[in-house]
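What follows is a set of notes on a single structure, which appears directly below.
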Amino acid sequence: MPRFAANISLLFAELPYLDRFQAAAAAGFEAVEILYPYELAAKETQRALLANGLQLLLINAPPPNYTGGMPGYAAVPEGTDRFQRDIRRVLRYAEALKAGKIHVMAGYAKGEAARQTFIENLQWAADRAPEQQFTIEPLNSGDQPGYFLDDYNLAVEVLDAVDRPNVGLQYDAYHAQMIHGDALKVWETFGSRAVHVQIGAAPGRCEPGTGPVDFQKLFEAIDASGYTGWVSAEYTPSTRRTEDSLGWLG
Ligand SMILES: O=C(O)C(=O)[C@H](O)CO
Ligand SMILES: [Mg+2]
């Protein structure tokens with residue numbers, strides 16, 4: 001079985017932010033990801049990680065957060081100044097929190113200029129912080145209408161054009177199933193490009209087992225592929241308490 005981590009922006013969301021770290025550790029997780037840790041000074045998140053012996057796997061760029069923030073500027077042709085400013089800030093957070101990976105969000109844009117902008121911005125970020133691993137993740141257009149990166153084929157075309165060792169694919173079973181209708185097949189086709197993995201059932205984005213994706217098979221395929229990184233649970237629990245949604249961990 002893969003090593004599982006908790007995305008504490010979605011899991012344990014019934015608790016105040018700083019209480020989620022202890023809850024994740026008590027549930028047996030040793031690693032977490034946080035989509036938008038920017039509402040507090042990095043020091044506070046750092047303390048919570050340390051106090052609970054947790055490793056931080058991933059944060060999103062850009063700030064600020066879900067509520068009101070744009071989902072990135074990396075592919076927005078007129079957004080390059082904003083993109084670079086955001087990346088500088090995110091890198092400060094990532095350094096303070098020892099975040100292993102930064103998910104760079106593409107934003108709302110379409111067409112050739114957007115594609116070129118995305119490629120050049122990713123190259124800029126990759127060259128500015130060669131020690132930092134960056135990821136890109138296709139998001140389904142039902143949740144994010146107009147989001148540039150909405151397909152796994154497009155993601156690998158972009159990665160090939162970016163051609164930097166520190167920019168890779170973030171595979172998410174929920175989005176893969178929503179976009180292409182078969183999360184397992186998407187893994188089999190594109191999994192070799194993945195540097196980070198997230199899971200959630202589709203279409204409800206609840207815990208594994210609440211939709212048609214066969215997670216047992218998916219976990220076996222992930223193991224068989226040689227992927228040795230973390231698999232992060234990124235879903236909205238169907239239960240009131242997150243702990244009660246964790247039966248799939250076995
Ligand atoms: O929506 C997702 O699946 C993500 O991982 C994004 O990072 C959301 O911000
Ligand atoms: Mg995801």
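The values are calculated or read from the model by the stated rules, or taken from the named source; none is laboratory data. What you are looking at is a predicted structure, and each value in this text was computed from that prediction instead of being measured. Every residue, glycine as well, gets a Cβ built from its backbone with ideal geometry; the counts of neighbours run over all protein chains shown. The area values use the complete protein model at the heavy-atom level, side chains included, leaving out ligands, DNA and RNA. Shrake-Rupley method; radii C 1.70, N 1.55, O 1.52, S 1.80 Å.
Values computed for the structure shown
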{"quantity": "Scan of the stretch 209-229 for residues that are in a loop (DSSP other than H, G, I, E, B) and either more than 30 Å from Gln132 (Cα to Cα) or over 18 Å from the mean Cα position of the chain (by Cα) (or both), ordered by number", "calculated": "Gly209, Thr210, Gly211, Pro212, Val213, Asp214, Gly226"}
{"quantity": "Tally, over the stretch 149-178, of residues that are hydrophobic (A, V, I, L, M, F, W, C), within 16 Å of ligand 1 (Cβ to nearest atom), open to solvent by less than 10 Å² (accessible area, probe 1.4 Å) and not in a strand (DSSP E or B)", "calculated": "4"}
{"quantity": "Hits in the stretch 121-145 (condition: within 19 Å of Ala161 (Cβ to Cβ) and either of a type in the set (A, V, I, L, M) or open to solvent by less than 60 Å² (accessible area, probe 1.4 Å) (or both))", "calculated": "Asn121, Leu122, Gln123, Ala125, Ala126, Gln133, Phe134, Thr135, Ile136, Glu137, Pro138"}
{"quantity": "Number of the exception - Thr236 against (1) assigned to a loop (DSSP other than H, G, I, E, B); (2) over 24 Å from Gly100 (Cα atoms)", "calculated": "(2)"}
{"quantity": "Of all residues in the stretch 133-184 being touching a strand residue (DSSP E or B) at 6+ places or on another chain (Cβ under 6 Å) and of a type in the set (S, T, N, Q), the one that is farthest from ligand 2 (Cβ to nearest atom)", "calculated": "Asn166"}
{"quantity": "Failed condition for Asn65, given (1) more than 30 Å from Asp163 (Cβ to Cβ); (2) of a type outside the set (A, V, I, L, M); (3) modelled with pLDDT of 95 or more", "calculated": "(3)"}
{"quantity": "Qualifying residue in the stretch 208-231 (condition: within 12 Å of ligand 2 (Cβ to nearest atom) and either touching a residue at least 12 places away in the same chain (Cβ under 8 Å) or surrounded by fewer than 19 Cβ atoms within 10 Å (Cβ to Cβ) (or both))", "calculated": "yes"}
{"quantity": "Unique match (being within 22 Å of Arg20 (Cβ to Cβ) and within 16 Å of ligand 1 (Cβ to nearest atom)) among Gly200, Gly211, Gly247", "calculated": "Gly200"}
{"quantity": "Sole exception among (1) touching a residue at least 60 places away in the same chain (Cβ under 8 Å); (2) assigned to a helix (DSSP H, G or I); (3) not charged (D, E, K, R) for Ser192, by number", "calculated": "(1)"}
{"quantity": "Residue match in the stretch 73-86 (condition: within 13 Å of ligand 1 (Cβ to nearest atom), within 17 Å of the chain's Cα centre (by Cα) and under 29 Å from Ser141 (Cα atoms))", "calculated": "yes"}
{"quantity": "Index of the failed condition, Pro138 passing every other in (1) within 12 Å of ligand 1 (Cβ to nearest atom); (2) part of a helix (DSSP H, G or I)", "calculated": "(2)"}
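Let's see how each residue does on (1) within 30 Å of Arg92 (Cβ to Cβ); (2) in contact with a helix residue (DSSP H, G or I) (Cβ under 7 Å, 6 or more places away or on another chain):
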{"position": "Phe134", "(1), (2)": "yes, yes"}
{"position": "Pro145", "(1), (2)": "no, no"}
{"position": "Asn166", "(1), (2)": "yes, yes"}
{"position": "Ala183", "(1), (2)": "no, yes"}
{"position": "Glu188", "(1), (2)": "no, yes"}
{"position": "Ala194", "(1), (2)": "yes, no"}
{"position": "Arg205", "(1), (2)": "no, yes"}
{"position": "Leu218", "(1), (2)": "no, yes"}
{"position": "Ile222", "(1), (2)": "no, yes"}
